[in-house]
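Right, one structure below, let's go through it.
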Amino acid sequence: MPFVLVTMYDKAEDLSIEFVKLKDGKHDLSFRVDETFFESLGSSEIQKADVHVAVEVDKNVNWMHVRLAISGSLTVDCHRCLVALPMDITTKYLLIVKLDSQEEATMDHEDEGVELIYLRPHEFTLSISQPVYETSLLALPMIRNCDEMDIKPCDEAMIQKLETLNSESATDEVVDPRWEKLKQLKNL
């Protein structure tokens with residue numbers, strides 16, 4: 001019978017699975033993280049966070065499949081006007097963990113949303129902090145603005161200032177006289 005653990009974590013070192021306590025088979029775990037979790041791992045761009053991490057652990061004698069389903073909201077600065085912009089994220093990630101490995105060093109191999117981890121025999125916990133952190137940040141769009149939002153929370157003063165600066169730079173363009181000489185050569 002799988003058990004469900006729902007806990008709010010704000011420190012990266014707390015987000016771990018004590019797999020030695022799990023029997024072989026499937027187990028469901030649930031975690032919630034907030035902005036202090038991201039701050040503890042060095043991210044200064046996350047202002048607010050409410051992220052749910054559903055973890056399915058399929059444990060066997062020699063390996064585990066750890067499936068992460070991450071969903072929630074991260075608040076970041078808008079790339080255009082710097083207003084706080086809540087962004088919804090939804091993503092999945094798979095960790096394949098080899099247990100009782102005789103490997104001398106812990107090795108990571110990443111391949112399109114799958115990570116292979118080797119654990120030594122004396123290890124009894126698996127930290128999922130780094131995969132949750134990286135996968136959450138990678139789920140954010142590359143360009144963060146409110147173009148696709150119904151209600152646009154843009155800072156109008158900042159937008160006006162950007163338009164003013166943009167129009168000033170367009171009118172103040174000074175053409176280097178060397179370019180004019182090159183254009184004359186081209187026309188010959």
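The values are calculated or read from the model by the stated rules, or taken from the named source; none is laboratory data. The model shown is predicted, which means the values in this text are computed figures rather than measured ones. In this analysis, Cβ positions are derived from the backbone assuming ideal geometry, glycine residues included, and neighbour counts consider all displayed protein chains. With ligands, DNA and RNA removed, areas are computed over all heavy atoms of the protein, side chains included. Shrake-Rupley method; radii C 1.70, N 1.55, O 1.52, S 1.80 Å.
What to note about this one:
- Check on residue 110, at pLDDT below 90, open to solvent by less than 60 Å² (accessible area, probe 1.4 Å) and not in a loop (DSSP other than H, G, I, E, B): no
- Unmet requirement for residue 149, which otherwise passes all of (1) at pLDDT below 90; (2) within 27 Å of residue 37 (Cβ to Cβ); (3) in a loop (DSSP other than H, G, I, E, B); (4) open to solvent by less than 50 Å² (accessible area, probe 1.4 Å): (4)
- When the stretch 44-56 is filtered for residues that are touching a helix residue (DSSP H, G or I) at 6+ places or on another chain (Cβ under 7 Å) and either open to solvent by less than 30 Å² (accessible area, probe 1.4 Å) or acidic (Asp, Glu) (or both), the ones remaining, listed by number, are 46, 49, 51, 53.
- Subset of the stretch 167-188 that is modelled with pLDDT under 75 and open to solvent by 80 Å² or more (accessible area, probe 1.4 Å) - its residue that is nearest to the chain's Cα centre (by Cα): 168
- Scanning the stretch 87-107 for residues being modelled with pLDDT under 90 and of a type outside the set (D, E, K, R) gives a total of 6.
- Yes/no for residue 21 being open to solvent by 30 Å² or more (accessible area, probe 1.4 Å) and touching a residue at least 12 places away in the same chain (Cβ under 8 Å): no
- Any pair with Cβ under 6 angstrom, 6 or more apart, that starts in the stretch 116-132 at a residue that is without any contact (Cβ under 8 Å) to a residue 60 or more places away in the chain and ends at one that is loosely packed, with under 15 Cβ neighbours inside 10 Å and acidic (Asp, Glu): 118/103; 121/100
- Residue in the stretch 70-81 that is closer than 17 Å to residue 130 by Cα, open to solvent by less than 30 Å² (accessible area, probe 1.4 Å), among the polar types (S, T, N, Q) and at pLDDT below 95 present: no
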